[in-house]
1. Within segment 266-280, count every residue that is without any contact (Cβ under 8 Å) to a residue 24 or more places away in the chain and either among the polar types (S, T, N, Q) or closer than 13 Å to residue 225 by Cβ (or both).
2. Does residue 181 satisfy being out of contact with any Pro (no Cβ under 9 Å at 6 or more places or on another chain), farther than 30 Å from residue 154 by Cα and of a type in the set (Val, Ile, Thr)?
3. Pairs needed: first member in segment 133-148, farther than 18 Å from residue 244 by Cβ; second member anywhere, assigned to a helix (DSSP H, G or I); C-beta distance under 7 Å; at least 6 residues apart or different chains.
4. Please go through segment 251-264 and give me each residue that is open to solvent by 10 Å² or more (accessible area, probe 1.4 Å) and in a helix (DSSP H, G or I), ordered by number.
5. Of all residues in segment 23-42, count the ones that are part of a loop (DSSP other than H, G, I, E, B) and either surrounded by fewer than 12 Cβ atoms within 10 Å (Cβ to Cβ) or more than 29 Å from the chain's Cα centre (by Cα) (or both).
6. Scanning for something touching a Phe, Trp or Tyr at 6+ places or on another chain (Cβ under 6 Å) and within 30 Å of residue 207 (Cα to Cα), does segment 234-257 turn up at least one residue?
7. Scan segment 117-132 for residues that are outside any helix (DSSP H, G or I) and in contact (Cβ under 8 Å) with a residue 24 or more places away in the chain and jot them down.
8. Among the residues of segment 133-184, count how many are open to solvent by less than 20 Å² (accessible area, probe 1.4 Å), at pLDDT 85 or above and outside any helix (DSSP H, G or I).
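The values are calculated or read from the model by the stated rules, or taken from the named source; none is laboratory data. Quick caveat, the model's predicted, so the values are computed rather than measured. For neighbour counting, all protein chains shown are included, and Cβ atoms are generated from backbone atoms with ideal geometry for every residue, glycine included. For the accessible areas, the whole protein counts, side chains as well, though only heavy atoms, and no ligand, DNA or RNA atoms are used. Shrake-Rupley method; radii C 1.70, N 1.55, O 1.52, S 1.80 Å.
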Amino acid sequence: MKVAWKQHLTGYAFIGPFVIGFLCFTLIPVIASLYLSFTDYDLFTTPSWVGMEHYKEMFTSDSKYATSLKVTLIYVFGGVPLRLAFALMVAMLLNRASKAIGLYRTLYYLPSIIGGSVAVSIMWRNLFGDEGVVNLFLDTLGIGAVRWFAEPLAALWMLIFLSVWQFGSSMLIFLAGLKNIPSSLYEAAGVDGANGFQKFFKITIPMLTPVILFNTIMQTISAFMTFVPAYIISKGEGGPLDGTLLYSLYLFRQAFVYFDMGYASAMAWVMLIIVGIITAILFRSSRMWVHYESKGGN
């Protein structure tokens, strides 16, 4: 009995910190935010119950909310495919025998570590300035400078380019998937006379579809939560003309600029529902295009 009691006590000691952290920093805040989404709360006074008023306001009278949702959807559906395509391209380049391959993988992964930092966002803002390196390069090509901070769509694409630059995590996952594709498949295709494009679309892509699904879901969730680059590049305003007013930035402004914590909580729950719906659609559609070797394919 004493031995069993000590084993249980040891188990509780290991799991205890996780349970306490989950309750204090995840479960309780989630429940609190759900309650606050139905209240009028400014961080300084007692919350007052308003029911569904915040949710009604979002979809009926708040034009900035609609703008932030539109900007975020463009950012997600424009940036995620580009990031995944670029990550796959680099992964295929690195999936070759080389003495310096480890160094190359580290260098290409670095942007994902520092890409969302304040320093990189400031650097990105300077690169795309009126006299920045990007405009100087465009002038050299004869295209002409772009006013990245004056045109809403140009400013948004500047953020998308920054997200594409942070491709390291997806690249490593793609690289792991490429390593698991049997080389015998490529050898057999070569014997049958298949060229590089045919091998890519008939072997590489189908065998990578589970990895593509995973990367798509993870990068989509990450894109919806993007905050720091939009905040730093637009100086917390979401300009020009709300062109970089991402959902998370507008949520932050509602909570800590306008002190409307109830409205911000409602926005957070709507974002959770939107991400959940998109994730469910991706999982549902995966039956038609994801190939699982253990199931014999789809």
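1. Of all residues in segment 266-280, those without any contact (Cβ under 8 Å) to a residue 24 or more places away in the chain come to 272-273, 276-277, 280.
With either among the polar types (S, T, N, Q) or closer than 13 Å to residue 225 by Cβ (or both) added as a condition, the list becomes 272.
Residues that pass the stated criteria total 1.
2. yes
3. Listed pairs, sorted by first residue: 133/127; 144/138; 145/135; 145/138; 145/139.
4. The first filter runs over segment 251-264 and keeps only residues open to solvent by 10 Å² or more (accessible area, probe 1.4 Å), leaving 251-254, 256-261.
Once the filter is applied, which keeps residues that are open to solvent by 10 Å² or more (accessible area, probe 1.4 Å) and in a helix (DSSP H, G or I), segment 251-264 yields 251, 252, 253, 254, 256, 261.
5. Kept after step one, since they are part of a loop (DSSP other than H, G, I, E, B), are these residues of segment 23-42: 37-38, 41-42.
Still in the list and also either surrounded by fewer than 12 Cβ atoms within 10 Å (Cβ to Cβ) or more than 29 Å from the chain's Cα centre (by Cα) (or both): 41-42.
Of the residues in that region, 2 qualify.
6. Checking segment 234-257: not a single residue is touching a Phe, Trp or Tyr at 6+ places or on another chain (Cβ under 6 Å) and within 30 Å of residue 207 (Cα to Cα).
7. First, pick out the residues of segment 117-132 that are outside any helix (DSSP H, G or I): 117, 128-132.
Listed by number, the residues that qualify are 117, 128.
8. Total satisfying the criteria: 1.
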